[in-house]
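In what follows, a structure is listed as C-alpha cells, so that the remarks can point back to it.
The values are calculated or read from the model by the stated rules, or taken from the named source; none is laboratory data. Values in this document were obtained by computation on a predicted structure and should not be read as measured data. Positions of Cβ are generated from backbone atoms using ideal geometry, with glycine treated the same way; all protein chains shown enter the neighbour counts.
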Amino acid sequence: LPQSAEPAPPAPIIRKKLNGYVGFANLPNQVHRKSVRKGFQFTCMVVGESGLGKSTLINTLFNTSLYPPKEPLPPSAERPQTVAIESISADIEENGVRLRLTVVDTPGFGDFVNNEDSWRPIVESIETRFDSYLEQENRVNRQKIVDNRVHACLYFIQPTGHSLKPIDVEFMRQLHNKVNLIPIIAKADTLTDDEVADFKARILADIAYHNIHIFQAPTYENEDEEALAEAEEIASKIPFAVVGSDHFVKTPDGREVRGRVYPWGVVEVDNEDHCDFVKLRQMLIRTYMEELREYTNDVLYENWRTEKLLKMGVVQDQSVFKEINPASRMQEERVMHEAKLAKMEAEMKMVFQQKVQEKEAKLKQSEEELYARHREMKEALEKQRLELEDKKRRIEQGRPITPEKTNQTGRKKGFLRT
Ligand code: GTP
C-alpha cells in the first residue's frame with residue numbers, strides 16, 4: 001500500500017449545544033443503580049510486628065461486629081497472639097448499599113532470632129488471592145467473580161520515635177508492588193504530639209529514600225474545594241498515628257467513649273485531636289475505597305498478571321500452538337510416520353541380511369563338501385589309473401598282475417610267463 005507522507009489530521013470535535021433533554025445526564029444514576037445492585041467487595045489486610053495492636057485496631061475499625069473480641073481473659077493471662085493468617089468477612093448494608101468487607105489478620109513477626117523471610121507467607125497470601133482472581137477470569141463463565149484481592153494493607157510501625165527498622169523496610173519493599181501500602185504508627189498514645197510529628201517526618205523520609213511506594217491520595221482536576229481540602233488533609237496525616245481500643249471508657253466529663261485510660265486522662269480513639277484513627281477510617285471507607293479497589297485492579301493486579309503470564313508464556317504458547325495448529329500437528333504426524341517406516345525398513349533389511357548370510361554360509365558349506373568329495377573321487381580315480389597303468393606295464397613286460405600277493409602265495413609259477 002502506498003504510505004502517505006503526512007499523518008492524517010485529527011478529526012475535528014464538533015461541539016453542539018443541545019436544545020432539549022437527551023438523557024445521558026442520567027448515566028451516573030445508571031452506574032449508581034447498577035453498583036448498588038451488584039454490591040461491593042473490599043478486603044483490608046493488617047501487617048506488622050507482633051503485639052502492635054493489629055487485632056485491636058480491626059476491632060476498633062469495625063466496632064467489634066466484624067472481628068469478635070477474644071474470650072475474656074483472667075487478668076494474669078496473656079492476650080492470645082495471632083498465629084496464622086485469619087480472614088473474617090461480613091456483609092454490611094448502609095442506606096441500601098451492600099458491602100462485603102473482609103479483614104485479613106496476619107501473625108505478628110519479629111519474634112524470631114532470624115526474621116529474614118517472615119514476609120514470605122504474607123506475600124504468598126496476596127499472590128494466592130491474585131491467582132484465584134485470574135483463575136476466575138479465565139473460566140468460561142465469568143459472571144460471578146468473587147474479588148478476594150487485598151485492596152489495602154495497613155502496615156503497623158512500632159512507635160519507637162526513631163526511624164524505620166530494617167525489617168520494616170524489607171517488609172514494605174516486598175509488599176509495595178502488590179498492595180496499596182498504608183503505613184500506620186501503632187500505639188500512638190505512647191508518644192507525645194511532637195514526637196509523633198518528628199517520627200512521621202522520619203518515616204516519610206525513609207520511605208522516600210528506599211523508593212517504597214505507598215498509597216497516595218489522588219487529586220483530580222476540576223474537583224471542588226471541599227474534596228481538595230479533604231484529600232490534602234488525609235495526605236497530610238500519612239502515616240496515620242492511631243490508637244486502638246475495643247473498650248468503652250468514661251471520660252472525666254462523663255462521656256462514654258472508645259479509648260484508653262491513663263492516670264493523666266483518657267485517650268479517645270474517635271477524637272481527631274488525640275489520634276488519626278478517624279482520618280484512617282475516612283480514607284479507607286468513605287473517601288478512597290473505590291480508588292483503592294481501582295488501583296488494585298488496574299495497576300497492581302494488572303502488573304502481576306502481565307508478569308505471571310509472560311513467565312508462563314514460553315511453555316504455554318508452545319503447547320497451545322501444538323494443540324490448535326493443524327498444520328503443525330500434521331507435520332508432527334508425518335514425521336512420526338516416516339520415523340516408523342524407516343524403523344520398519346531397517347528391521348527388514350536386518351532380517352534380509354541375516355537370511356542372506358545364513359544362505360551364504362550353507363552354500364559355502366555344501367561347496368566345501370562337494371569340493372572335498374570331488375577331491376576324494378579324483379584321488380580315487382588317480383589311484384585307479386595308476387594301478388591300471390601299473391597293470392598294463394606289467395602285462396606288457398610279461399610279469400604277473402599281482403606280483404607281491406601272488407609271490408607270497410606261490411601262485412607265480414607257470415603264470416603268464418613271457
Ligand atoms: P499479634 O497477634 O501477636 O500479631 O498481636 P497484635 O498486633 O494483633 O496485637 P493485639 O491487638 O493482640 O494487641 C496487643 C496488646 O497491645 C494488647 O494488650 C492491646 O490491648 C494493646 N494495644 C492494642 N492497641 C493499642 C494501642 O493503641 N495503644 C496501647 N497502648 N496499647 C494497645
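Observations, loosely collected:
- Scanning the stretch 299-308 for residues being of a type in the set (A, V, I, L, M, F, W, C) and surrounded by fewer than 15 Cβ atoms within 10 Å (Cβ to Cβ) gives a total of 1.
- Wholly within the stretch 213-298, helices (runs of 4 or more DSSP H) carrying at least 1 residues that are surrounded by fewer than 12 Cβ atoms within 10 Å (Cβ to Cβ) and at pLDDT below 85: 225-237
- Residue list for the stretch 88-107, restricted to those being acidic (Asp, Glu) and more than 19 Å from Ile145 (Cβ to Cβ): Glu93, Glu94, Asp105
- Selection status of Val146, outside any helix (DSSP H, G or I), more than 16 Å from the ligand (Cβ to nearest atom) and either under 18 Å from Glu294 (Cα atoms) or in the same structural domain as Ser50 (by TED's automatic domain parsing) (or both): yes
- Matching residues, the stretch 197-212, being hydrophobic (A, V, I, L, M, F, W, C), part of a helix (DSSP H, G or I) and under 40 Å from the mean Cα position of the chain (by Cα): Phe199, Ala201, Ile203, Leu204, Ala205, Ile207, Ala208
- Residues of the stretch 372-413 classified as in a helix (DSSP H, G or I) and either modelled with pLDDT of 95 or more or surrounded by 10 or more Cβ atoms within 10 Å (Cβ to Cβ) (or both), total: 29
- Scanning the stretch 309-356 for residues that are modelled with pLDDT of 85 or more and among the β-branched types (Val, Ile, Thr) returns Val335, Val351, Val356.
- Residue check for Leu18: away from the ligand (no atom under 16 Å from the Cβ), among the hydrophobic types (A, V, I, L, M, F, W, C) and over 30 Å from Tyr295 (Cβ atoms): yes
- Residue check for Gly23: at pLDDT 85 or above and at positive phi: no
- Residue check, Pro166 assigned by TED's automatic domain parsing to the domain that holds Tyr295 and either touching a residue at least 12 places away in the same chain (Cβ under 8 Å) or of a type in the set (A, V, I, L, M) (or both): no
- Within the stretch 186-197, being free of Cβ contacts under 8 Å to residues at least 60 places away in the same chain, in contact with a strand residue (DSSP E or B) (Cβ under 8 Å, 6 or more places away or on another chain) and either within 10 Å of the ligand (Cβ to nearest atom) or farther than 15 Å from Lys279 by Cβ (or both) holds for one residue alone: Leu191.
- Tally, over the stretch 49-73, of residues that are at positive phi and at pLDDT 80 or above: 2
- Candidates Val103, Val146, Val140 - the one that is of a type in the set (A, V, I, L, M), crowded, with 18+ Cβ neighbours inside 10 Å and more than 30 Å from Trp264 (Cβ to Cβ): Val103
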